[in-house]
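Contents: one structure, followed by commentary.
The values are calculated or read from the model by the stated rules, or taken from the named source; none is laboratory data. It should be emphasised that the depicted structure is a prediction, and the values quoted were computed from it without experimental measurement. In this analysis, Cβ positions are derived from the backbone assuming ideal geometry, glycine residues included, and neighbour counts consider all displayed protein chains.
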Protein chains: 2
Amino acid sequence: MASLARDVRPAAQSQRPRGIKTRRAILSRAVALASLEGLEALTIGRLASALRMSKSGLFAHFGSKEELQCSAVEAAREIFVEKVIRPASALSGLRRLRLLCKRWFEYAEARAFPGGCFFSAASLEFDDRPGRVRDRILELMQRWQLLLERTIREAQAAGEVARGIDPRQVAFEIQALAMAANWRSRLFKDRGAFATAHRAILSRIEQIATRERRRR
Amino acid sequence: MASLARDVRPAAQSQRPRGIKTRRAILSRAVALASLEGLEALTIGRLASALRMSKSGLFAHFGSKEELQCSAVEAAREIFVEKVIRPASALSGLRRLRLLCKRWFEYAEARAFPGGCFFSAASLEFDDRPGRVRDRILELMQRWQLLLERTIREAQAAGEVARGIDPRQVAFEIQALAMAANWRSRLFKDRGAFATAHRAILSRIEQIATRERRRR
DNA sequence: CCTACCGATCGGTAGG
DNA sequence: CCTACCGATCGGTAGG
């Protein structure tokens, strides 16, 4: 799968503390910038001047632009896991599904990244741009899709969701509505889009729920 | 509204036929390239060499990159109107809504633009990039949203759609599913995404239809 | 529609 | 982590 992927953080533990701190500061800024203007518009020169560093000084931390982009993706992933996936990991079934969605909207609306959901932006930007960055984003989006799918399937096995429902189809619909909310909040400067999408998702979940379990 | 917009095709009718033909050829290529890699990656140099023209020769047709991008948006709009909106203009209500969706999926799946729906890509790319290009894309996307909304409201007035339904909400859901299909077909190289989204849209339309009209 | 050019910026390197 | 540099490409201009 990731057979060509070199270690993303080479010998991080053995680096001097100063280097690690700088690296963290770089990636924090990189992720914020990329969420606003895209991973490709994230040029080494602009990032360096935003951090008051020399281009080559910053460059030395990564060795290539692609490596910088990949590192930014990993940094964003950690934030996503922290804010969206982990809080829901103790639950299961429909309660987990609802919490995943709730946390996703909080994460997107509270602008954990200043430009909205990092992965919505990145996966759209790289959907047709071959390379390691695309491969990794694709893998992460697939995992998110599979997590939703598996959660729905679990709920089905527990009798919370009607048997005729296709978990893949519903997972697709949830992802579609969430991404569209992110996009509309940016294009139309319409924060209400998040509420509209969340409402649509919750009522879709109600639809697939079995009668006896329809309330929690 | 478009008070700052200069005329997009200045004195087109008085230009010599050769100039018009060249311009058309440029825009056709520009739109195709932009659908694949984005309106910003559409550089004058690359477009010129793809057309075996000099940079400055191509440049003379537009005067600025922004004008080239705006012209590409208009060219794409004409294709969209031709393929999606016009075919449905004779119908009304739910039949029109279904035909609009059907035509949209045909347009996206048959790759009227080689990279998929031009406007899905462009509106995502420019959702946070101020300027004339963004303003125009925003206007066109808003019109498309309003067309869907108005069609649903018409259907409601004709008794085809239940009174409790919010046309805005449903229009949002349709647009979300369509865009997500375009995105997934690119990221996952999964043409089946179109069918999944179309299915979701059609069953959503069935849900909002009143009992007596539920079949056509 | 062309050649020839401009300053700015890109990703990246040499050498310290 | 720096200065100083590389070739390539960007949008755009001069002049024909």
Pairs where the first residue, in the range B:167-179, is within 9 Å of chain A (Cβ to nearest Cβ) and free of Cβ contacts under 8 Å to residues at least 40 places away in the same chain and the second is outside any helix (DSSP H, G or I) and of a type in the set (F, W, Y), C-beta under 7 Å, 6+ apart: none
Any chance A:A197 is facing chain B (nearest Cβ under 8 Å), surrounded by 23 or more Cβ atoms within 10 Å (Cβ to Cβ) and either part of a helix (DSSP H, G or I) or modelled with pLDDT under 95 (or both): yes
Condition met for A:A2 (under 28 Å from A:E106 (Cα atoms), in a loop (DSSP other than H, G, I, E, B) and either at pLDDT below 95 or within 12 Å of DNA strand D (Cβ to nearest atom) (or both)): no
The range B:30-46, residues that are away from every other protein chain (no Cβ under 14 Å) and either among the small types (G, A, S) or more than 8 Å from DNA strand D (Cβ to nearest atom) (or both): B:A30, B:V31, B:G45
Residues (near DNA strand D (Cβ under 8 Å from one of its atoms) and either among the hydrophobic types (A, V, I, L, M, F, W, C) or within 14 Å of chain A (Cβ to nearest Cβ) (or both)) located in the range B:63-73: B:L68
Residues of the range A:66-112 satisfying the condition of being of a type in the set (K, R) and more than 30 Å from A:R132 (Cβ to Cβ): A:R95, A:R96, A:R98, A:K102
Check on B:A181, farther than 19 Å from A:S185 by Cβ, in contact with a Phe, Trp or Tyr (Cβ under 6 Å, 6 or more places away or on another chain) and part of a helix (DSSP H, G or I): yes
Whichever residue in the range B:95-123 is hydrophobic (A, V, I, L, M, F, W, C) and free of Cβ contacts under 8 Å to residues at least 24 places away in the same chain and, among such residues, is farthest from the other protein chains (Cβ to nearest Cβ): B:L99
For B:R186: the one exception among (1) without any contact (Cβ under 8 Å) to a residue 24 or more places away in the chain; (2) within 14 Å of chain A (Cβ to nearest Cβ); (3) of a type outside the set (S, T, Y); (4) in a helix (DSSP H, G or I): (1)
